Every structure is written in C-alpha cells, then in structure tokens.
1. Give the residue that is nearest to A:T95 (Cα to Cα), with candidates limited to residues of the range A:289-322 that are modelled with pLDDT under 95 and within 14 Å of chain B (Cβ to nearest Cβ).
2. Restricting to the range A:125-156, and then to whatever is in contact with a Leu (Cβ under 8 Å, 6 or more places away or on another chain) and small (G, A, S), can you tell me which residue is farthest from the other protein chains (Cβ to nearest Cβ)?
3. Select from the range B:307-348 the residues that are of a type in the set (D, E) and under 17 Å from B:F77 (Cβ atoms) and list them in ascending order.
4. (1) within 16 Å of DNA strand D (Cβ to nearest atom); (2) on the phi > 0 side of the Ramachandran plot: which one isn't true of A:L58, the others all being true?
5. Among the residues of the range A:80-97, write down those that are at the interface with chain B (Cβ under 7 Å from one of its Cβ atoms), touching a residue at least 24 places away in the same chain (Cβ under 8 Å) and either within 18 Å of A:D306 (Cα to Cα) or buried (at least 23 other Cβ atoms within 10 Å of the Cβ) (or both).
6. In the range B:51-96, how many residues are of a type in the set (A, V, I, L, M) and farther than 25 Å from B:H237 by Cα?
7. Only strands (runs of 3 or more DSSP E) wholly contained in the range A:248-349 count here; list those with 3 or more residues that are buried (at least 24 other Cβ atoms within 10 Å of the Cβ).
There are 2 protein chains.
Amino acid sequence: MKRSAATLKDVASAAGVSAMTVSKALRNAPGVSDKTRERVLAIAQNIGYETNVSASVLKTGRSGIIQIIVNEYDIPFYAKLIDVMSSAVVANGFTPFLQQTKYSKSTLQSTLSSSLFSGVLSDGVIAHASGLSGDLFEKIIHGKPAVLIDSCEEQPVVSSVVFPNEEGARAAVQYLAERGCRNIGLIGPSYLEKQDFLHSPSPMKLRMRGARAALLDLGLPYDESTVVAVEGMSEEHAIDSVHELVRNGRIPFDGLFCLNDSTAIGAIRALADHGIRVPEDVKVIGFDGVREGRFHVPSLTTINVDMDQLARLVMLSLKQQIDHEGDPLPATKTTIGFTLIERESTQTR
Amino acid sequence: MKRSAATLKDVASAAGVSAMTVSKALRNAPGVSDKTRERVLAIAQNIGYETNVSASVLKTGRSGIIQIIVNEYDIPFYAKLIDVMSSAVVANGFTPFLQQTKYSKSTLQSTLSSSLFSGVLSDGVIAHASGLSGDLFEKIIHGKPAVLIDSCEEQPVVSSVVFPNEEGARAAVQYLAERGCRNIGLIGPSYLEKQDFLHSPSPMKLRMRGARAALLDLGLPYDESTVVAVEGMSEEHAIDSVHELVRNGRIPFDGLFCLNDSTAIGAIRALADHGIRVPEDVKVIGFDGVREGRFHVPSLTTINVDMDQLARLVMLSLKQQIDHEGDPLPATKTTIGFTLIERESTQTR
DNA sequence: CTGAAAGCGCTAACAA
DNA sequence: TTGTTAGCGCTTTCAG
C-alpha cells in the first residue's frame, strides 16, 4: 500500500547500474546496450516503476500535454469536437488536457493563465471558446504554440483553422431554394445588414452573411422578417424563439436554415408543438453535422463540416509551432471543407 | 516572447526579499506580514509570475488533479457525465483531467498506469469505464483515492456510487403497465434467466433484472421473445436490432423499455422507418435522462438519474479518501436516486 | 517575521 | 557503453 512510488534509483540499484542508465533505457535514448536495456525494462516493470512526470517536466520543460479548451462539454457540437481533437492529440503522441469555460471569459482567462497550466505544464493550446479574441489569447499565452478553432478574425494573431461558414451557409440556402423553397427563414443571433458584417466577424455572423448573400443572389427576400433571432445557439433558445414566432401568427416560411444543428433540432421540436410538419410544411437544414441529427424524426439535413480534416490541420500547425519554438512562425488561417448531408428534414417527395 | 517564465527568485529580487518569503506570500502561508505579502503579490502580478506546477508537485507530492476516465466523449450520456463531474471537481478546488478509453481495456490500463498520470500527478481518480473490475483497478492504482461510477460488484474493493439500476428499471416497466401496456418488450444486451444474474453483475444486467422482476410481479410475460437483443447500447445498435425485428414480422409490443436513452432514441428512429408510431402504436421509455431526450419528436419519457447527487457523493467519498491517505478507509457503495420524467413517448390519449 | 540550506526525481552535458 | 555532476523551481525545515 505504499504510495511512495519507486524511483529511478530504486530500479538502478536493483539492476546494479546507475540511475542515468535506467533513465536512458526507459526513454529508449541512445547509449545503452540492448542487453542492459532489456534487463532494466524487466526490472522496472517488475517493481512497478513509473516515471515521475513532475520531475521530468521540471527538468526538460516539456510535458507532452496539449490543452483543449472549449465552452462546454454537454452540447452535441462540443462533444464531437473534443472527441475528434482528443483522439488526434493522442494519435500524435501527446496527452490532451480538456477544460470547459462555461462561456465565462474569466474562467477562460484563469484557465489559460493561472494555476496549473501556466508556463510549463502544457506544450500547446487548442481552443474553441467564446470571448476569445486572438489578441487576448496571445497576451495570455505569450507565444506558446496554439491554434484557435473557428476564430474568424481578419488579421489573425494566432494560427487558426476555421469552418467554411460563409460557403456552407450559401450552400444551405441554395439547397433549400433548389428544393422549391421561396420563403426562406434564418435562425441565428440577429438580423444583420451589410455594414454589420464589417466589424469583428464571428462564425455566426459569417454564416448569416453567406445566407444573406445567397438569398440576394437568388432574388429571394432578406429583411428583418427573414431572421428568427435567438438569444443563444442551443435547442432551448430556438424553441423559445420559434414558439414566440408562431404565437404571433402562422410562420411565413417554407424553408428554414438554422445556423447550427442545435437550433435546427430545437426548431423542429417547437414546430412539432404547433403541428407544423417538417419537411411537408417547412424544410429545415442545419449546420455542423453533429451525430444526433441522424437519429431524429425527421432526421436532419445538415452542412457537415469535415472534423477529421480539422483535427489534422490543427495538429499540423501545432506541431510546426512546437518544432519552431523560439523563432515564431507567422500566424496562418486555414478553412476546412464541408459536405451537405441530405436527410428527411428537407425531403420533397 | 521569452517563454522562460519568471521564477520565485525573479519576484524575490524584484521585491527585495528572499524566494522563501515570496513562496509563503503567494501560497497564503503563515509567516509573512500583511504588508510584505501585499507588496509581493503586486510585484508577482506585475511581472507576470506563475508558479511552476511541476516544481511544486515534485516537492509536495500533491497536484490537485483528479482524473476522470470514461469510455467515450461523444455520447449523450458521457457528455452529461463529464460535464457534471468536471464541474463538481472544479467546485471542490481540484483540477479535472479527462480521458476517454474508447472502450479499450488496454487503453484504460495504460491511461491509468503508465505515462503521465501514474504515481504523483493525480491525487485521485473517478472512473466510469467498461472492462474495469474493481480488482484490476485497485491493482493499478494501489490505494490512490478513487471512486468508481456504477461499478456493480457485490464486494466492492474500491468505493463506488451506483445508479438505481434495478429500482429504476422496475419503475419503468411498472409505468408502462400502468399506461395500459400488456406486451412489454425490453431492449438490452440479451435475454437473461434467473441464474444469469448471479455472476458478475453489470449495470445493464441489473436493469434487466429489475425489468424482469417487474414483469413477473405484474403477471406479464418474460421470455426470450421479450428481449430485443442489441450488440451495444448506442442508437445505431438499437436501430439495427429493431429493423431486424420488424423485418421478421410486425413487432409484438405495445410498450418498450429501453435500457438506456440512446437505445430508446434509436428504437424510436427505427420504428419511424417502418411507419410504427410512438406513442400511439408503441410506448417507449428510456433510462438515464440525457438532455437530448427533451428535443426529440416525440420527446422521450425516461428514468432520470440524479446526476447532481452523483457528483456530490463522488466528491464526498474522494475527499474523505484524500484526507485519509495512509490509513485506507473501507470501500463504500452508495446508490443515487431517480425520477421518472413523463414525456410524449408514453402519452396515452 | 524572515531567510539559508537541502533536496524532491529526473535528465543534459560531460567524463570515464 | 556507462557513470558522475549539476541543477530544473519549488517548499520543508530550521536557524536567525
């Protein structure tokens, strides 16, 4: 029951060699004969030796830990994101360390700066969190390798991999139009006019911009009544907004592009409450491609973003930065691809 | 751009005191005058000092890190679990460290024993993972504070907090019967007879046992045809099994208790594929109370387990163990409560 | 209340 | 190939 773990020295004396030799043997470092290495490994295994990470981190300044920061775990989109990103981090030989900010900027800051993961303990950061400008981020992490996910700043200070927000939104609206929709509504943060898109772009603003552009190109209306404003991008928010909309008269749409899957799912749920059928009365398309969309009735048509590509690109950038510590690489910005997955919620038949 | 963080010494010389004084000041340890402390804090803040955790862990042997190990992140049940548990860990002043095993026993083992989080780096472990017997677990963690979630062993070696599997299942079946169901089907791993329940209980076995007992008590049939066997507890598995069932003739049930919410959601989805209506033709009830159940059409009636209570009890046990390091406490086993949440999937009307 | 000394366990650099 | 030395940054202990 002794929790005082075995140390290198213990292994060394048991093996009749020096601590240094054991250290090399265990790390597969050069400078140890195969015979010695094997023997050391066996003995280490035998006495249950585990390397003390604190010590080695203290010495080497490298932990192999990559922080992954998101807003929240229990949301389909983030559940998928942390799954994919953790797996990618592991596949690259690092250890992922997840944290959720619960949308709190102060939590984010303390998460990033203070306590456990300040200077040394993490070798890099991957973040998708609201209230996270590249400036702020850079000020906190001080040049530590980092990649932001879907940070839409025009002049990126920190490298980021972004979703195909505009393109995807365009495709969604065009698809609805092709399926015969002429009164297309949008569910998103709020109605925006041209000039509103100029400053501080955000993923949802960009999706709105893409949708707006598509509508105008198609000669379809885009005005205040086009947008069903939601206070947040969760199912609950969409349910509230749609309920309110219907309460003020029948909904005027035959197609609905929801700026993410959660609001799409909420919208379908709320429409059902009022006996409005999807897709017969209204066709609905979402954005993200969360796994839950497949299992709903009706199943959800969506703009599926390529998460595997996301993970690959993030890790690529991160590893480059880690390899180049000291001489900082310029920040990059890469956009990933998407596919439109057709399901029941937009069926014509 | 210097990534070489400020050290205690830097702060010390800037403040004109010794490193020791700074250390005490920053940790709120006794032995420093308020005046000195304030000055030190200000200076530390000013030059952006962050304590090097590796060093302090190395010295003190305590990291404040609690490992949380689950099978998988992108599953509604686990998404909820990690949210609740992380929050509880944080609320208790510790830092949660999440890991997913992807149901691999070897991943689990290496996760627990080798590499990063072996001996020192984590102060405790919370785990909900398959292939995780208490014995195995204990062998790996060697008396480190730990709590297993829903480990149903009769003679717990490690403390655990378990779900109300039997009671909840009983309540689910009774509820269906009260709603008029006479041909109640169960969706779960496989058909089990009395003797099958004796050995190596698992959560799903216990739910099956509770359901069986309820059926027999009610004088309703329980035989091989009662159970729709699934290969796993995800939506996909349930979809496959229900499809196969329907392919072999109309389904003989007017009520369906699915041993978790994911299979319930899958079942409803598959039934819809065949034009079978829920709840008109078949009433469906699930188990767990994942957030997604609310948003489905029909919304899902379920046995909602009290996750907040779970989190509280887990942390309580863990903290007791941490406080008692050295003289091990006896393993405990506590069952949490549940409520039946009525929604559309079992409506009568 | 403050500080000097020692060492946690490991590994980079060098010496043998 | 192996071993020795030194020190990462912090905190425990004990002396001032």
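The values are calculated or read from the model by the stated rules, or taken from the named source; none is laboratory data. Remember, it's a predicted structure, so these values are computed and weren't measured experimentally. Backbone-built Cβ (ideal geometry, glycine too); neighbour counts: all protein chains shown.
1. A:I322
2. By that ranking, first place goes to A:S151.
3. Listed by number, the list holds a single entry, B:D308.
4. The number of the failed condition is (2).
5. Correct list: A:K80, A:F97.
6. Residues that pass the stated criteria total 13.
7. A:255-258, A:283-288, A:301-305
Yes/no per residue for (1) touching a Leu at 6+ places or on another chain (Cβ under 8 Å); (2) within 12 Å of DNA strand D (Cβ to nearest atom); (3) among the hydrophobic types (A, V, I, L, M, F, W, C):
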| residue | (1), (2), (3) |
| --- | --- |
| B:A6 | no, yes, yes |
| B:D10 | no, yes, no |
| B:S13 | no, yes, no |
| B:K35 | no, no, no |
| B:R39 | no, no, no |
| B:N46 | no, no, no |
| B:E50 | no, yes, no |
| B:R62 | no, yes, no |
| B:F94 | no, no, yes |
